[in-house]
Amino acid sequence: MAAPTGNKQGGGGGGRGRGRRDRQEQAQSEFNETVVKINRCAAVVKGGRRFSFSALVVVGDGKGRVGVGFGKAKDVAGAVEKGTKEARRSLVRIAIVDGTVPHEIIGRFCSSVVKLRPAPKGRGVIACASVRAVVENAGIHDVVTKSLGNNNPVNLVKATMDAVKQLRTREMVEALRGVKLS
């Protein structure tokens, strides 16, 4: 009988945590992630400056689900990873009709205001980088946006999330009200 080599090449599960890793890899391929902003913060200490980083990450599947995460760590990679994890936990489903938003909507966060308007097919996404990240990861292909007030990327992304969470299709409104709209 041959002695085991320790290298498991096939089929068997392979030990602790193998199933979790496979699910994580599958989930990673399912979502698009966009790093919107990376901030560097410096704390002056006795030996010089100590840097820390924060990353704003938007994750979406391009089919109506989108989430936002804000991660902080001592290095950029750790901040992006934490932001991605938080974004995956905060995924929300939004209403999309024919690749655009069903109606005009306004989202607010702090002093940032974002207006989203439906656009005809082929118009494209007309938006700033922060709003574009949320809209494209959600799967909206045609929309016209306008951002007013503060242009801080964190506030703009959160205002856009506020707007897309308020979107309702005709069928959703009919179900909520219990009436048939003409």
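For the range 154-166, enumerate the residues that are closer than 18 Å to Val97 by Cα and buried (at least 20 other Cβ atoms within 10 Å of the Cβ).
Thr160, Met161, Ala163, Val164
Would you call Lys115 assigned to a strand (DSSP E or B), assigned by TED's automatic domain parsing to the domain that holds Lys158 and not aromatic (Phe, Trp, Tyr)?
yes
Return yes when Glu86 is at pLDDT 95 or above, within 17 Å of the chain's Cα centre (by Cα) and among the acidic types (Asp, Glu) and no when it is not.
Answer is yes for this residue.
Restricted to the range 129-153, and to residues that are within 19 Å of the chain's Cα centre (by Cα) and part of a loop (DSSP other than H, G, I, E, B), which residue is surrounded by the most Cβ atoms within 10 Å (Cβ to Cβ)?
Ile140
Filter the range 118-128 for residues that are loosely packed, with under 15 Cβ neighbours inside 10 Å and either among the basic types (Lys, Arg) or in contact with a strand residue (DSSP E or B) (Cβ under 7 Å, 6 or more places away or on another chain) (or both) and give the result.
Lys121, Arg123
Out of (1) of a type outside the set (S, T, N, Q); (2) surrounded by 15 or more Cβ atoms within 10 Å (Cβ to Cβ); (3) not in a helix (DSSP H, G or I), what's the single condition that is false for Lys72?
(2)
Of the residues that make up the range 76-90, is at least one outside any strand (DSSP E or B), loosely packed, with under 15 Cβ neighbours inside 10 Å and free of Cβ contacts under 8 Å to residues at least 12 places away in the same chain?
Within the range 76-90, one or more residues are outside any strand (DSSP E or B), loosely packed, with under 15 Cβ neighbours inside 10 Å and free of Cβ contacts under 8 Å to residues at least 12 places away in the same chain.
Kindly indicate whether Val131 is farther than 22 Å from Glu30 by Cβ, in the same structural domain as Asn155 (by TED's automatic domain parsing) and free of Cβ contacts under 8 Å to residues at least 40 places away in the same chain.
Answer is yes for this residue.
With respect to Ser112, is the statement that it is modelled with pLDDT under 95, under 15 Å from Val157 (Cα atoms) and either touching a strand residue (DSSP E or B) at 6+ places or on another chain (Cβ under 7 Å) or among the acidic types (Asp, Glu) (or both) true?
The answer is no for Ser112.
The values are calculated or read from the model by the stated rules, or taken from the named source; none is laboratory data. Here the structure is a predicted model, which means the values were calculated and not measured. Heads up, the Cβs are rebuilt from the backbone with ideal geometry, glycines too, and the neighbour counts pull from every protein chain shown.
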